[in-house]
Amino acid sequence: MHQAEIILNEKVAHSIYLLRLRANKVAESANPGQFLHVKCTKGPHPLLRRPFSIADVQRKKDTADIIYRVVGEGTSILSQKKPGEVLDLMGPLGRGFPLPLPGTLPLIVGGGVGVAPLLFLAKKLSKVAGLEGRAFLGFSSARETFGMEVFESYGFSVELATVDGTCGKMGFPTELLEDYLKSEKKVKAIVYACGPRMLLLKVKEIAASCGIPAYLSLEERMGCGIGACLGCAVKSAKGGYKKVCRDGPVFEAGEVEIW
Amino acid sequence: MHQAEIILNEKVAHSIYLLRLRANKVAESANPGQFLHVKCTKGPHPLLRRPFSIADVQRKKDTADIIYRVVGEGTSILSQKKPGEVLDLMGPLGRGFPLPLPGTLPLIVGGGVGVAPLLFLAKKLSKVAGLEGRAFLGFSSARETFGMEVFESYGFSVELATVDGTCGKMGFPTELLEDYLKSEKKVKAIVYACGPRMLLLKVKEIAASCGIPAYLSLEERMGCGIGACLGCAVKSAKGGYKKVCRDGPVFEAGEVEIW
Amino acid sequence: MVDLSVKIAGICLKNPVMVASGTFGFAREYSRMFDVNELGAVVTKGITLLPKEGNPPPRLFETPAGLLNSVGLENPGVEGFIRDEWPYLKNLQVPVIVNIAGETVEEYRRIAQRLSPLEGISALEVNISCPNVEKGGMAFSRHPDSAYEVVRAVKEQSPFPVIAKLSPNVSDIREIALAVEEAGADAVSLINTMLGMAVDVEKKRPVFKRVFAGLSGPAVKPIALRMVYEVYEAVKIPIIGMGGIFGWRDAVEFILAGASAVAVGSAIFSDPAAPLKIIRGLEDYATRNLKTRISDLVGLAHRNDAEF
Amino acid sequence: MVDLSVKIAGICLKNPVMVASGTFGFAREYSRMFDVNELGAVVTKGITLLPKEGNPPPRLFETPAGLLNSVGLENPGVEGFIRDEWPYLKNLQVPVIVNIAGETVEEYRRIAQRLSPLEGISALEVNISCPNVEKGGMAFSRHPDSAYEVVRAVKEQSPFPVIAKLSPNVSDIREIALAVEEAGADAVSLINTMLGMAVDVEKKRPVFKRVFAGLSGPAVKPIALRMVYEVYEAVKIPIIGMGGIFGWRDAVEFILAGASAVAVGSAIFSDPAAPLKIIRGLEDYATRNLKTRISDLVGLAHRNDAEF
Ligand SMILES: Cc1cc2nc3c(=O)[nH]c(=O)nc-3n(C[C@H](O)[C@H](O)[C@H](O)COP(=O)(O)OP(=O)(O)OC[C@H]3O[C@@H](n4cnc5c(N)ncnc54)[C@H](O)[C@@H]3O)c2cc1C
Ligand SMILES: Cc1cc2nc3c(=O)[nH]c(=O)nc-3n(C[C@H](O)[C@H](O)[C@H](O)COP(=O)(O)OP(=O)(O)OC[C@H]3O[C@@H](n4cnc5c(N)ncnc54)[C@H](O)[C@@H]3O)c2cc1C
Ligand SMILES: Cc1cc2nc3c(=O)[nH]c(=O)nc-3n(C[C@H](O)[C@H](O)[C@H](O)COP(=O)(O)O)c2cc1C
Ligand SMILES: Cc1cc2nc3c(=O)[nH]c(=O)nc-3n(C[C@H](O)[C@H](O)[C@H](O)COP(=O)(O)O)c2cc1C
Ligand code: FES
Ligand code: FES
């Protein structure tokens, strides 16, 4: 556990917040796809911590960011915290995204707040692996979009889809991915995805049908966050269950049964 | 229920806060000794409202004040609220302090945060009944004192006691009351008290032995706050139980058994 | 427009949201705060044959998301009720259910008898599950035989429908529900409070003079919901679900689990408007889910064709 | 200096704070976060004869101040345990209690037999109260006879002290505690999880595939505490108290109610350091209350001479 000071906690889109923490251990060691397990309140309710993907770290400034959407009690308490307050967190936890071989084209597919860990991933791909690729992002509506400029700043070309068509194409980012892969048949690519279950399922299908490796960041309700309670199970392709917190949250698409 | 906007929420002494609300209904109708039943959180924990005596109202400004001490979860949540936020409250509830007959000398005995309702009482005694008297106030320590100037501004003479002797006399305000009554035997007085149980018990004894009427503001853990749940029982002198929220919180000392 | 009305134990409720016994007094207290006629039904504080003083303070203690109470059935007795409370209650434009309790089967019988001339009572709720009294109380609801006996006795006396209110402090609630169904109960209320306690760590003794007290509030909701689900599969009579209902979502959970109506108790202390908000929430939920009648939702969680 | 040590079931613990089975894995996971040797004892995840996959997701659901789990005893089986977990555990400088579960009395017997050569096991905790499995589990703890049988069988095989872990989902926990005492249990653990459930109001079906799940966490504390208090008056063997312990104050409540030791479960998810903070809190509490031995506090809430 660390006690991390809140540096910033600001709305970046409709009901989406960016929280920046002073957390040198996280800043030093985090990999894209790993998460922080955050205590939203000191009291007995809500009881559990909340997991959030790391959306960025700034090593020089000792900071780590998460981007979260207010959906319930925990995130709503979080959104009321002010800079200067201290947050109790565990992490970085879990296994993040593996970097591709040189020469591979990274294709990023993000849905909603699932875009968060992909921002950090794009940074690493570009700065460490020297790879730039394409990002296909989907949101419900224009007012909930965020992060496009970040991908662009790392040299990614961005295509947008919104469910209501208020921005980009009307529809889902998986359609953008499909269109792209149809037009660029022979590309040596790798897919990275995070978002709602339906999105991951679809990405898995598409990647499999094109014979492209895909890495998916999964979500499950978490207890301990470190593999002790066996609460965050996801069916393994080989039978039995993997634990999202310990074996993931990022899995190779073939490892797990998403539904 | 009203939704009242917070105008001010400030520390006035060690772990003691003054909360000012825009609450015109309360400001219009409240009597000293009545209380507000305040919801500290929207969620299911802590479940119950918290009762606080009204410490002042400003009719012209439509405001009502409470003064509270941070002792547990509810008050600690309350202390983090900021001006502009809205508080859900019920009240004014309960029966307050009766005003004395003209010519009576009001003797006020307050211990700790129990001083809160007595501030409002002093104002009413002075402004409405034209009576000024004496206030005997007790606190654990100098750093927890508050309200002395308020009594003075209403023409009350104030005597202080602290448990650790850091301010005023070392000891309890009931000793100040006793000393006063010993020196002024024949005075036609009325005692008003609020504070810890031991203080009320002692005041009751002293008043009884001097044949002076005394009105005590009692505390009990509350559920509904309006006489429906029968949770806030205090033994009636006539047998059975009175309800602090409905029959009190202010009782004539003879009406109830305090222990 | 959603039809919120439900029929339970022969009573028509214009909506399925009642208040739980003991948390709403005799309705008068809350009538100053809102129009109690908007409720589905009013359930009174428990009435005993003779007046009862109740337990010494403290009577309440808060626990995580819950509340322990040791009120001890303080009430004016059946005569006091008829004299002081009934005249107000009988004029309400909403079904009134009278909750009754006794120390012996004979007492239950006599209360029921005494209430039987009161035209306008919609039903009796037989509390065989109060954990806060010396005699009778919860003991009746812990064994099928005694539960049967009490309900049978009341049923024989009462011209009104009889609702049996069961204790959750049992190994198998279905067994008790079956017994009261057989005894003729027209409905069951689930659940009364869970037996709990608290210790004062400063004084090193139980918080309550009677040591044990009844736990209610959101803390117990998962347990109450489970019991409603279990009992729905065991009996044919309708269920009034309660225990920790705080918002509309909780009410929906109970209804889907099998409750035909729900009662809001401790949550009223947190928000007196909770029952009204829940009514509105139910209506919105039904609309969103394209249900024209709230009663179509009852027990839906039991369908095995649900899209798992 | 306060003497925090306690003796329970023949084991000496340097302090009375253990971790609850299933919430601490096999200790290795948490050893990266703090020194697990500071605990009073480590209790392992439940072990069955054969490996168990556990239940399909979701396995966890949060409720007000509580947690429903349907892990379903996922574990590597007794052989896997001996091969993969025991080598680490046996080197801990702290008593290790192995929690075991079975579907039949015979299975319990065989696990106990298989574990009996493992020098260094401090005790077996016999889980006859798991609500999350198809067969066996909680059923054993709901009747005195079957509880007796299981504990008797394990006791016959085991060279180690035997602790019986009871289910709270019963009418009278004292009855079960008496039965396991008679069967030779050296201590009882109270309580396992309460049977509860949740309904997904969007999908209109139970949240869990197995419908029911086990409720733990602060929500159940008042119930757990009551059971410890009841059992303390019924049996002579020591009690390990658990169920919703979140802070030192809760631990003190359990000890005053009659627990010789306590276990922290769900609270660890909220704060992995909770057990250590509780140890420090107990020490401070004892000091403030002028007790030189923590064991002097056990059961104090039962004294009738307490200053009421
Ligand atoms: C590895 C991992 C990484 C994650 N990263 C991020 C991230 O970067 N950003 C982010 O925003 N989120 C992320 N999440 C998700 C995030 O953890 C959750 O959104 C968060 O825990 C929600 O907490 P809450 O208390 O606000 O919501 P909760 O109060 O727990 O509620 C969640 C939802 O469930 C609903 N619900 C509650 N009860 C019922 C019922 N009976 N029936 C039906 N519905 C019900 C609520 O309405 C609400 O919409 C991640 C999750 C994982 C596992
Ligand atoms: C009519 C009335 C008027 C009032 N007016 C005022 C006022 O004007 N100002 C004011 O400050 N207060 C007032 N009070 C008191 C106020 O209501 C309480 O201080 C408040 O409700 C405390 O809430 P909390 O959540 O902060 O404390 P809680 O969390 O409820 O805890 C209260 C205390 O109990 C202790 N406690 C909890 N569990 C245990 C246990 N197992 N063993 C031993 N101790 C335990 C806690 O440590 C804490 O010190 C009034 C009360 C009444 C009835
Ligand atoms: C203060 C209080 C008093 C109660 N009195 C009674 C009663 O007189 N008769 C009864 O049958 N149930 C009584 N109950 C139980 C409630 O009716 C209800 O069954 C229980 O509280 C669970 O619902 P809840 O969690 O919504 O409060 C009482 C509960 C509380 C909290
Ligand atoms: C995720 C989880 C897994 C559990 N697994 C076991 C188990 O394998 N064996 C067992 O006896 N109890 C198990 N329990 C029950 C706990 O040991 C404990 O009895 C219960 O959770 C109450 O304590 P708590 O409220 O502190 O969590 C488990 C509890 C949880 C929350
Ligand atoms: S959250 Fe406990 S194992 Fe993953
Ligand atoms: S708080 Fe309910 S009667 Fe006083």
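The values are calculated or read from the model by the stated rules, or taken from the named source; none is laboratory data. Source: prediction; values computed, not measured. A quick note on method: Cβ atoms are made from the backbone with ideal geometry, for glycine too, and the neighbour counts reach across all protein chains shown.
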Return the pairs, sorted by first residue and then second, in which the second residue is part of a loop (DSSP other than H, G, I, E, B) and aromatic (F, W, Y), the first residue lies in region D:185-200 and is more than 23 Å from D:S260 (Cβ to Cβ), the beta carbons are less than 9 Å apart, and the residues are 6+ apart or on different chains.
-> D:M197/D:F208; D:A198/D:F208
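Filter region C:80-137 for residues that are small (G, A, S) and over 17 Å from the mean Cα position of the chain (by Cα); which is nearest to ligand 2 (Cβ to nearest atom)?
First pass over region C:80-137, keeping only residues small (G, A, S): C:80, C:101-102, C:112, C:116, C:120, C:122-123, C:129, C:136-137.
Subsequent filtering for residues that are over 17 Å from the mean Cα position of the chain (by Cα) retains C:80, C:112, C:116, C:120, C:136.
On the way: C:G80: 27, C:A112: 38, C:S116: 41, C:G120: 36, C:G136: 29 Å.
Among them, the one singled out is C:G80.
Those residues that are surrounded by fewer than 22 Cβ atoms within 10 Å (Cβ to Cβ) and either in contact with a Lys or Arg (Cβ under 6 Å, 6 or more places away or on another chain) or among the aliphatic types (A, V, I, L, M) (or both), I need them from region B:207-216; list them, please.
The first filter runs over region B:207-216 and keeps only residues surrounded by fewer than 22 Cβ atoms within 10 Å (Cβ to Cβ), leaving B:208-213.
Once the filter is applied, which keeps residues that are surrounded by fewer than 22 Cβ atoms within 10 Å (Cβ to Cβ) and either in contact with a Lys or Arg (Cβ under 6 Å, 6 or more places away or on another chain) or among the aliphatic types (A, V, I, L, M) (or both), region B:207-216 yields B:A208, B:I212.
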Please find, among D:V105, D:V98, D:V71, the residue that is modelled with pLDDT of 95 or more and more than 14 Å from every other protein chain (Cβ to nearest Cβ).
-> D:V98
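Could you check how many residues of region B:168-196 are among the hydrophobic types (A, V, I, L, M, F, W, C) and surrounded by fewer than 17 Cβ atoms within 10 Å (Cβ to Cβ)?
Here is the first cut: in region B:168-196, the residues among the hydrophobic types (A, V, I, L, M, F, W, C) are B:170, B:172, B:176-177, B:181, B:187, B:189-191, B:193-194.
Those still in the list that are surrounded by fewer than 17 Cβ atoms within 10 Å (Cβ to Cβ) too: B:170, B:187.
The qualifying residues number 2.
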How many residues are of a type in the set (V, I, T) and at pLDDT 95 or above if we restrict to region C:123-149?
-> 1
State whether one or more residues within region A:77-94 are modelled with pLDDT under 95 and under 28 Å from A:E252 (Cα atoms).
-> yes
What number goes with the only condition from (1) within 25 Å of D:I268 (Cα to Cα); (2) not in a strand (DSSP E or B) that A:E28 does not pass?
-> (1)
For region D:1-93, please list each of the helices (runs of 4 or more DSSP H) lying entirely inside it that holds at least 2 residues being within 14 Å of ligand 5 (Cβ to nearest atom) and farther than 30 Å from D:N289 by Cα.
-> D:28-31
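The rows are residues; the columns are (1) of a type outside the set (A, V, I, L, M, F, W, C); (2) within 18 Å of B:L200 (Cβ to Cβ).
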| site | (1), (2) |
| --- | --- |
| B:L101 | no, no |
| B:P106 | yes, yes |
| B:A129 | no, no |
| B:G133 | yes, no |
| B:E144 | yes, no |
| B:G147 | yes, no |
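For region A:59-89, how many residues are outside any loop (DSSP other than H, G, I, E, B) and over 17 Å from the mean Cα position of the chain (by Cα)? Give the derivation first.
The first filter runs over region A:59-89 and keeps only residues outside any loop (DSSP other than H, G, I, E, B), leaving A:63-69, A:73-79, A:86-89.
Still in the running and over 17 Å from the mean Cα position of the chain (by Cα): A:63, A:73-74, A:76-79, A:86-89.
Within region A:59-89, residues that are outside any loop (DSSP other than H, G, I, E, B) and over 17 Å from the mean Cα position of the chain (by Cα) number 11.
Within region D:239-257, is there a residue that is more than 16 Å from C:E202 (Cα to Cα), more than 14 Å from ligand 4 (Cβ to nearest atom) and in contact with a helix residue (DSSP H, G or I) (Cβ under 6 Å, 6 or more places away or on another chain)?
No, because not a single residue in region D:239-257 is more than 16 Å from C:E202 (Cα to Cα), more than 14 Å from ligand 4 (Cβ to nearest atom) and in contact with a helix residue (DSSP H, G or I) (Cβ under 6 Å, 6 or more places away or on another chain).
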Residue among B:S126, B:S76 that is of a type in the set (G, A, S) and not assigned by TED's automatic domain parsing to the domain that holds B:I6 = B:S126
Matching residues, region D:273-290, being in contact with a helix residue (DSSP H, G or I) (Cβ under 6 Å, 6 or more places away or on another chain) and within 10 Å of another protein chain (Cβ to nearest Cβ) = D:Y285
Taking interchain pairs and intrachain pairs at least six residues apart, which have beta carbon atoms under 6 angstrom, with the first residue in region D:35-57 and within 14 Å of chain A (Cβ to nearest Cβ) and among the hydrophobic types (A, V, I, L, M, F, W, C) and the second in a loop (DSSP other than H, G, I, E, B) and buried (at least 24 other Cβ atoms within 10 Å of the Cβ)?
-> D:V43/D:S21
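Residues to consider are A:A207, A:A214; find the one that is more than 16 Å from ligand 2 (Cβ to nearest atom), more than 10 Å from chain D (Cβ to nearest Cβ), on the phi < 0 side of the Ramachandran plot and modelled with pLDDT of 95 or more.
Numbers: A:A207 fails: modelled with pLDDT of 95 or more.
When all the criteria are applied, what remains is A:A214.
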Only unsatisfied item for C:K203, checking (1) within 16 Å of ligand 2 (Cβ to nearest atom); (2) touching a residue at least 12 places away in the same chain (Cβ under 8 Å), is (2)
Hey, B:E152 hits all of (1) surrounded by fewer than 15 Cβ atoms within 10 Å (Cβ to Cβ); (2) assigned to a loop (DSSP other than H, G, I, E, B) but one; which does it fall short on?
-> (2)
Region B:221-246, residues that are small (G, A, S) and at the interface with another protein chain (Cβ under 7 Å from one of its Cβ atoms) = B:G223, B:G227, B:A228, B:G231, B:A233, B:G240
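Each row is one residue, and each column tells you yes or no for (1) within 22 Å of A:L101 (Cα to Cα); (2) within 16 Å of ligand 4 (Cβ to nearest atom).
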| residue | (1), (2) |
| --- | --- |
| A:S183 | no, no |
| A:V203 | yes, no |
| A:P213 | yes, no |
| A:I226 | no, yes |
| A:I258 | no, no |
How about region B:202-253: which of its residues are in a helix (DSSP H, G or I) and either under 22 Å from C:G54 (Cβ atoms) or within 16 Å of ligand 1 (Cβ to nearest atom) (or both)?
-> B:V244, B:C245, B:R246, B:D247
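One line per residue, one yes/no per condition, for (1) part of a helix (DSSP H, G or I); (2) farther than 30 Å from B:G171 by Cβ; (3) in contact (Cβ under 8 Å) with a residue 60 or more places away in the chain; (4) not small (G, A, S):
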{"residue": "B:G91", "(1), (2), (3), (4)": "no, yes, yes, no"}
{"residue": "B:L101", "(1), (2), (3), (4)": "no, yes, no, yes"}
{"residue": "B:P106", "(1), (2), (3), (4)": "no, no, yes, yes"}
{"residue": "B:V113", "(1), (2), (3), (4)": "yes, no, yes, yes"}
{"residue": "B:P117", "(1), (2), (3), (4)": "yes, no, yes, yes"}
{"residue": "B:F120", "(1), (2), (3), (4)": "yes, no, yes, yes"}
{"residue": "B:K124", "(1), (2), (3), (4)": "yes, no, yes, yes"}
{"residue": "B:L131", "(1), (2), (3), (4)": "no, no, no, yes"}
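Per-residue answers, yes or no, for (1) aliphatic (A, V, I, L, M); (2) within 14 Å of another protein chain (Cβ to nearest Cβ); (3) in contact with a Lys or Arg (Cβ under 9 Å, 6 or more places away or on another chain); (4) surrounded by fewer than 19 Cβ atoms within 10 Å (Cβ to Cβ):
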| site | (1), (2), (3), (4) |
| --- | --- |
| B:H2 | no, yes, yes, yes |
| B:A30 | yes, no, no, no |
| B:V38 | yes, yes, yes, no |
| B:P46 | no, yes, no, no |
| B:R49 | no, yes, yes, no |
| B:Q58 | no, no, yes, yes |
| B:I66 | yes, no, yes, no |
| B:G74 | no, yes, yes, no |
